[in-house]
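Report on one structure; see the data block that follows.
Since every read-out is calculated from the coordinates, none of them should be taken as a lab result. Quick caveat, the model's predicted, so the values are computed rather than measured. Reconstructed Cβ throughout: ideal geometry from the backbone, glycine too, with neighbour counts over all protein chains shown.
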Amino acid sequence: MAKIERLRPATHHKAADAIQTVLDLGLPLAPETKADLLNTYTTYRPEPWPFVMMNIESARFLLQRIRAGKDSGLTLAVWIACLTFAEYGTGRITATRQKLAETVRTTPDEVSRALGRLAGMGVLERTGPGRYQINPATAWHGTLEARRQAGAAPMPARDAGRRLEPIEGGKGRARRVPAE
C-alpha cells in the first residue's frame with residue numbers, strides 16, 4: 001500500500017528547517033517567542049504525532065511510584081498534562097497551575113500538591129516558585145543533543161540529592177542520621 005503525503009512547496013521545507021535549527025540552538029528566547037516559532041513550524045511542517053521520549057523502564061518505575069502514592073489518579077493525570085505542556089528543547093512546563101487544573105479538571109491547589117509529589121519523585125524539577133521542568137533523565141521533548149546538554153547542566157534540585165545527607169531536627173541543633 002502506498003503512503004500518501006501532502007505535497008508542500010520547497011520554501012515550506014526550508015522555512016521549517018530554519019525554524020527547527022533556531023529551536024535546536026537552545027537560545028534564551030522568551031516563552032512567547034518559542035511558542036510562536038513552534039506554531040509557525042507546525043504550519044510549515046505539520047507533524048501529526050509530536051512525541052515525548054521516555055525511557056521504558058523509567059516509565060514503568062514511575063507508574064509504580066505514582067500508584068503507590070497518594071491521589072495516584074490525579075498525580076498521573078497531572079504528569080501526563082505536564083508532558084503535553086513541555087517546552088520543546090528545555091522540558092519547561094509552559095502551562096500555569098490554572099491551565100493544568102483546567103486540563104485535568106481539578107483545582108489549582110490539587111495541581112500544586114500533585115506537582116510537589118512529582119517533584120518529590122524526581123521526575124519534575126522545581127526551577128522557581130511555581131515553575132517546573134521535566135527531569136531530562138525521565139522524559140524529553142526535543143532533540144537528543146539538547147537532552148544531553150540539559151541533563152549535563154547543573155540543576156540544584158537534581159544535584160541536591162547527591163550532596164545532601166539526611167539530618168534530624170527542626171530549628172534547633174541538627175544531628176546526622178546514621179545511614180541505613
| Shape call for segment 62-110 from the C-alpha gyration tensor, a ≥ b ≥ c root eigenvalues: rounded (a/c under 1.5), prolate (a/b greater than b/c) or oblate? | oblate
| note | In the neighbourhood of Leu29 defined by beta carbon distances under 14 Å, the net charge of the other residues (Lys, Arg +1; Asp, Glu -1) is -2
| request: Report the residues of segment 87-126 in range of a label on Ser72: point 7 Å along Cα→C-beta, backbone N strictly under 18 Å from it. | output: 114-115, 117-123
| Can you run phi through the Karplus equation (6.51, -1.76, 1.60; θ = phi - 60°) for segment 77-89 and list ³J(HN,Hα) in whole Hz, with x for Gly and Pro? | 4, 5, 4, 5, 4, 4, 4, 6, 10, 6, 5, 4, x
| field | Low-density loop positions, trypsin sites (Lys or Arg not before Pro), segment 83-119 - DSSP coil, at most 13 other Cβ in 10 Å | value | Arg105
